[in-house]
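Colleague: What follows is a single structure, and I will ask about it in a moment.
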Amino acid sequence: MSPRGSAAGRTHPARDDSPRVAPAVTSVDEPASPSKPGPDEPAEPPAREDGISDRWSDLLDYLSDAAALIGLDPDVHARLRVPRRILEVAVPIQRDDGRVEVFTGWRVHHNTSRGPGKGGIRFHPALDRREVSALAAAMTFKTALMDLPFGGAKGGVRCDPMSLSLAELERLTRRYTWEIITLLGPDKDVPAPDVNTDGRVMGWLMDTISLARGENVASSVTGKPTVIGGTEEHAGSTASGVVHVVRDVFAELGVQPAGRRAVVEGFGKVGAPLTFLLHSAGLRVVAVSDIGGAVYNPGGLDVASLSAHAARTGSVAGFPGGDPLDPTELFAVPSDLAVPAALEGTIDEKIAASVAAPVVVEAANGPITADADRILDARGVVVVPDILANAGGVIDSYFEWAQNRQGVAWEQGVGGRLLQRIMHKAFAEVWARSQSLHADLRRTAYAVATQRVADAMTARGLFP
Ligand code: NAD
């Protein structure tokens, strides 16, 4: 039996709308610091009145469902509904033309009961406090689900990195790091790359922290270039983990991967290597999209040529080895597997109704809105949730952090084998528990993770 849709008796515990949780000391809606946006920057966006999914609300719903499944102590539940701390900072930088521009940044610790905060840094023009908080909370549950000794954190700056020169990007990164530095450190909070940040940005972060402390602190940041303590595997680790999960879910469903058709949304640090790895696993990648457009070839795209085209032109759009495709049609293309690997909320109710694949594996964080999730469930589509599917990156980050702390580089191949073992164990546990809980994979994953976080919180007790 598969944990798909209503056919498997998915439970929908009542939404927890009751106002039993006291207002947060620092709410995700209210500024945590008095810093004001600069004259060139829009004020704090409203709480997603623009029709974009409110990921924070979705996450609280998933937590409530998990709480009902495991009978979570209401006091622990109340604490998990609020990030532990939200630091909002002004990030002033001098532009190349001499002007000073003030950006807004955040670093959020959702929960640190199981270990230091862990989570990426994102530079994006639509970033806001609620989104960063939701991403931080997702990290709490992801690290717990993988049983890593970390809590959940996330951060970023609301900016359009494409409009910054390299020198401006470095100034922005270093000033942002400086502003949040009190939260950072190998035993406090360990950032990593996320959307629009990469190894180079992590190198600047690590250097700024090291300069401030007057010592080399390699383990303060992961996803660094290998020459300063990063791992060879990091660049492809999230994509590798996604492919392990694809193999596992296909095996449970009795599907042979060879020749199966896949569509991939997003061609960045996750989507690009993922396309290559899916192809290497024997699947046919028939459609790929990015911010610039989409391309479709029912016979399978030549992924090496597609990569070369994207590297040359900056987008998969216009690839001569396929036909142009309206990106909104990507998931409607006939396929056996759909992998969103771009941004949050790209699969809304409308798209969900047209998803052709029977299996969706979330490589991106929060790509399916809660309403869309219900539609996919009702249609019997198996959805492997983000906190399970895209954990490969944070697992490799754990290996990087551990090696930096040990001062020892592991032999090549050790990390890859361990990553597969950890992901396979987590997948098997979630799949098996979904049967006994009569819940879908997302709620089961949240239930397993929430129990681990709750156990840590209970073991530590409540101060004072
Ligand atoms: P990235 O910035 O490297 O790439 C993002 C890609 O999405 C780009 O190809 C961009 O063109 C594309 N994109 C943006 N908007 C789009 C749209 N509307 N339609 C189609 N494509 C669009 O980011 P990334 O690191 O690859 O992260 C992608 C997702 O994976 C994010 O949700 C991120 O949080 C998640 N994630 C990343 C990692 C990691 O190791 N980088 C780990 C876990 C999860």
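The values are calculated or read from the model by the stated rules, or taken from the named source; none is laboratory data. These numbers were taken from a predicted model, which means no experiment stands behind them. Here Cβ is always computed from backbone atoms with ideal geometry, including for glycine, and neighbour counts include all displayed protein chains. The area values use the complete protein model at the heavy-atom level, side chains included, leaving out ligands, DNA and RNA. Shrake-Rupley method; radii C 1.70, N 1.55, O 1.52, S 1.80 Å.
Colleague: Rounded to the nearest 5, what % of the DSSP beta bridges within segment 258-322 are antiparallel ones?
Modeller: 45 percent
Colleague: Restricting to bridges with both residues inside segment 175-311, how much of the DSSP beta-bridge set is antiparallel, in percent to the nearest 5?
Modeller: Antiparallel bridges make up about 50 percent of those DSSP assigns within segment 175-311.
Colleague: Another one. Taking LYS224 as the anchor, which lysines have their alpha carbon closer than 22 Å to its alpha carbon, excluding any fewer than eight residues away along the same chain?
Modeller: List returned: LYS118, LYS142, LYS154, LYS188, LYS269.
Colleague: Moving to a separate point now. Counting only trypsin sites (Lys or Arg not before Pro) that sit in a DSSP loop (anything but H, G, I, E, B) with at most 10 other Cβ atoms within 10 Å, what is the longest stretch of the chain containing none of them?
Modeller: Longest run free of exposed loop sites: 100-464.
Colleague: While we're on this one: Calculated from DSSP H runs of 4 or more alone, at -39500 (n - 2.57) each and per residue, what is the 222 nm mean residue ellipticity of the chain, nearest 500?
Modeller: Result for the chain, helices only: -13000 deg cm²/dmol.
Colleague: Still on this model: At a 1.4 Å probe, what is the % contribution of carbon and sulfur to the accessible area of segment 45-187?
Modeller: 51 percent
Colleague: Out of the DSSP beta bridges found with both residues in the chain, what percent are antiparallel (nearest 5)?
Modeller: 50 percent
Colleague: What percentage of the solvent-accessible surface of segment 236-389, computed with a 1.4 Å probe over protein heavy atoms, is contributed by carbon and sulfur atoms?
Modeller: Within segment 236-389, the accessible surface is 55 percent carbon and sulfur.
Colleague: Return the loop-located GluC sites (Glu not before Pro) in segment 180-259 (DSSP other than H, G, I, E, B) with at most 16 other Cβ atoms within 10 Å of their own Cβ; answer none if there are none.
Modeller: Qualifying residues, ordered by number: GLU215, GLU232.
Colleague: Once the Cβ-Cβ distance between GLU429 and GLU232 is put in as r, and R0 is 22 Å, what FRET efficiency do you end up with, to the nearest 0.05?
Modeller: That gives a FRET efficiency of 0.20.
Colleague: May I pose another question? Select from the chain the helices, each a whole stretch of DSSP H, whose alpha-carbon atoms run 18 Å or more along the helix axis and whose Kyte-Doolittle mean is at least 0.5; answer none if there are none.
Modeller: Both cut-offs are met by 234-253.
Colleague: Now for a different question. Which of the listed residues, LEU306, ALA389, ASN365, is farthest toward the dipole's positive end in segment 236-389, when Lys, Arg count +1 and Asp, Glu count -1 at the beta-carbon?
Modeller: LEU306
Colleague: Here is a follow-up. Just flag the chymotrypsin sites (Phe, Trp or Tyr not before Pro) in segment 346-422 sitting in loop per DSSP whose Cβ has no more than 16 other Cβ atoms within 10 Å.
Modeller: TRP410
Colleague: Taking only protein heavy atoms and a 1.4 Å probe, what accessible area per residue, in Å², does the chain have with all protein chains in place?
Modeller: 40 Å²
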